[in-house]
Amino acid sequence: MAAIPNDPVMLLSYVNTQLRDQYASLEDLCSSLNLDQEGLEEKLKMVDYRYDRERNQFV
């Protein structure tokens, strides 16, 4: 598993940066970094962020 931030706010920044700069979708990011997509989405829901497919970012 990739070394990603554990803190939800830091995780949000990291994931959105990766989505903007490297990955066409959340699925691509999770597949490439061997991350549990559902777990990632749940963690970011804790800070009231949801993945927006059209924007390819958590908003």
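A few notes on this one:
- The single condition among (1) open to solvent by 50 Å² or more (accessible area, probe 1.4 Å); (2) among the hydrophobic types (A, V, I, L, M, F, W, C); (3) in contact (Cβ under 8 Å) with a residue 40 or more places away in the chain that Met10 does not satisfy is (3).
- Pairs where the first residue, in the stretch 39-59, is within 14 Å of Ser13 (Cα to Cα) and the second is in a loop (DSSP other than H, G, I, E, B), C-beta under 6 Å, 6+ apart: Phe58/Tyr49
- Members of the stretch 19-59 found to be part of a helix (DSSP H, G or I) and open to solvent by 40 Å² or more (accessible area, probe 1.4 Å), listed by number: Arg20, Asp21, Glu27, Asp28, Ser31, Ser32, Gln37, Glu38, Glu41, Glu42, Lys43, Lys45
The values are calculated or read from the model by the stated rules, or taken from the named source; none is laboratory data. Note that the coordinates shown come from a computational prediction; the quantities given were computed from them, not determined experimentally. Reconstructed Cβ throughout: ideal geometry from the backbone, glycine too, with neighbour counts over all protein chains shown. All accessible areas refer to the heavy atoms of the entire protein, side chains included, with ligands and DNA or RNA removed. Shrake-Rupley method; radii C 1.70, N 1.55, O 1.52, S 1.80 Å.
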